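A short write-up of the structure that comes next.
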Amino acid sequence: MYALPVPALALAVALLLDRHGEPPALLHPVVWMGRGLGALGAPWPGRTPAAAFMRGVAAWWLGALAVTGCALLVGAGAQQLGQRASGGVGLVVLVLALALKPLFAWHMLVLEVSRVGEMLEEAGIEAARVQLSRLVSRDTRALTATEVRESALESLAENFNDSFVAPLFWFVLGGLPAAALYRFANTADALWGYRGTWEWAGKWAARADDVLSYLPARLSALFMALAALRIPRGLASVARVTPSPNGGWPMGAMALLLGVRLTKPGVYALNAGGGAVDAGRFAAGLALGSRAATLAALVALGALIAQSRW
């Protein structure tokens with residue numbers, strides 16, 4: 001009988017843990033990353049562009065080395081514990097799973113997006129706008145019911161990549177250190193990679209996230225297409241509408257596969273000729289995302305098992 005490799009077992013356990021939500025903030029590695037990035041970034045605004053850029057590069061690499069170093073230590077520590085304690089492989093799997101789980105979040109995302117639709121149906125537009133503000137950075141106070149659903153589906157699609165497919169992709173390629181590095185890069189982009197006083201300080205963070213998300217974003221669109229059992233026509237041209245080189249792929253796939261338009265007023269309109277996102281299409285988007293996530297998890301597990309046989 002062929003024994004499953006430790007990375008595959010660790011991912012399987014982490015996926016099961018994901019069903020039970022996120023660890024408390026005090027124990028959440030991504031929260032630690034955010035706090036560290038905030039502390040590193042505090043003195044930057046107001047510097048000259050060149051100085052801000054160089055500080056941004058240096059701070060990003062400092063954080064990246066710290067995060068990957070910690071992940072390597074966790075892996076090494078798990079191996080040592082497994083060799084010294086009874087339960088061996090099981091202990092290694094558990095430690096790795098506990099370290100991996102916070103680096104992705106699918107179940108919580110689906111719950112938060114689902115609540116937007118529930119609020120619209122049960123509590124009204126104001127409650128739905130408040131719920132949506134937990135998911136997006138845009139101002140939600142004046143959005144219509146259709147725009148609220150659009151924004152929620154956009155968040156689901158984009159975070160399907162950022163919070164699920166990409167961490168799994170990098171875990172398959174490089175183990176826990178690579179998954180942790182991706183999560184650090186994505187968090188740094190969220191905190192630093194925007195325009196304004198932080199523009200130059202955040203340029204490196206934004207580009208690093210673009211590079212690390214490039215293949216996963218396109219895989220995310222592929223998983224959605226497989227889940228829908230059809231290839232969305234014209235996806236490449238639709239994906240180019242967004243400012244991000246990656247975000248348009250999963251969001252564009254969602255829009256085309258559901259036959260709806262997804263917009264950010266004044267910024268982009270994906271599948272502009274599509275229909276409005278009503279309650280039925282909103283539910284269909286949630287179902288599509290869930291099927292795509294199942295496929296992504298199975299492919300990741302299969303790739304890890306295949307790696308062990310090579």
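The numbers here are math on the coordinates, done by the rules we state, and not lab data. Computed from a predicted model, the values in this text were never measured in an experiment. Heads up, the Cβs are rebuilt from the backbone with ideal geometry, glycines too, and the neighbour counts pull from every protein chain shown.
Hydrodynamic radius of segment 180-283 by the Kirkwood approach over all distinct alpha-carbon pairs: 14.7 Å. Once you place label points 7 Å from the Cα toward the Cβ at L295 and L62, how far apart are they in nm? Using points 7 Å along Cα→Cβ, the separation is 4.3 nm.
Averaged over residues, the count of other Cβ atoms within 10 Å places the peptides 223-231, 91-99 in the sequence 91-99, 223-231, highest first.
Listed from fewest to most Cβ neighbours within 10 Å, the set K101, K203 follows the order K203, K101. Taking a ≥ b ≥ c as the square roots of the eigenvalues of the Cα gyration tensor of segment 221-279, is the shape rounded (a/c under 1.5), prolate (a/b larger than b/c) or oblate? The shape class here is oblate.
Listing M108, M254, M119 from fewest to most neighbouring C-beta atoms within 10 Å gives M108, M119, M254.
Estimated from the Cβ-Cβ distance and a Förster radius of 35 angstrom, the FRET efficiency linking L73 and R134 is about 0.60. Only the Cβ atoms of Lys and Arg (+1) and of Asp and Glu (-1) were treated as charged; on that basis the dipole of the chain about its Cα centre amounts to roughly 560 debye.
Counting only complete DSSP H runs, which helices of the chain cover 30 Å or more along their long axis at the Cα atoms and score a mean Kyte-Doolittle of 0.0 or above?
Qualifying helices, which must be both long enough and hydrophobic enough, are 49-84, 203-228, 279-309.
Within segment 2-22, name every residue whose backbone N is under 20 Å away from a label modeled 7 Å from Cα of L81 along the Cβ vector. Flagged as within label range: 5-22.
Per-residue packing, averaged as other Cβ atoms within 10 Å, sorts the ranges 4-11, 52-59 into the order 4-11, 52-59, beginning with the highest. With only the Cα atoms considered, segment 117-161 has a convex hull volume of 60 Å³ per residue.
Note on the chain: with a GNM built from Cα contacts shorter than 10 Å, the maximum mean-square fluctuation among V277, V165, V89 falls on V89.
Counting beta carbons within 10 Å around each of D278, D162, D139 and listing the fewest first gives the order D139, D278, D162. Could you tell me which of L298, P24, G174 has its Cα farthest along the dipole of the chain towards the positive end, charges placed at Cβ (Lys, Arg +1; Asp, Glu -1), taken about the Cα centre? Going by the charge dipole, the pick is G174.
Would you kindly work out the equivalent ellipsoid of the chain from its C-alpha gyration tensor and give its semi-axes, the square roots of five times the eigenvalues, largest first in whole Å? All intermediate terms of the calculation are to be shown ahead of the outcome.
Working: eigenvalues 203, 133, 65 Å².
Value: 32, 26, 18 Å, ordered largest first.
Each Cα pair under 8 Å and six or more residues apart adds its separation to the average, and for the chain the resulting relative contact order is 21 percent. In nm, what is the difference between 0.36 nm times the number of residues separating A123 and V31 and their Cα-Cα distance? Length gained, A123 through V31: 30.1 nm. If R0 is taken as 30 Å, the Cβ-Cβ distance between S114 and S237 corresponds to a FRET efficiency of 0.45.
Stretched out fully, how many nm does the piece from L16 to A39 gain, at 0.36 nm a residue minus the Cα gap?
5.0 nm
For segment 33-188, place one equal point scatterer on every Cα, skip the solvent, and apply the Debye formula. What is log10 of I(q)/I(0) at q = 0.08, 0.19 Å⁻¹? Evaluating at q = 0.08, 0.19 Å⁻¹ gives log10 I(q)/I(0) of -0.35, -1.09.
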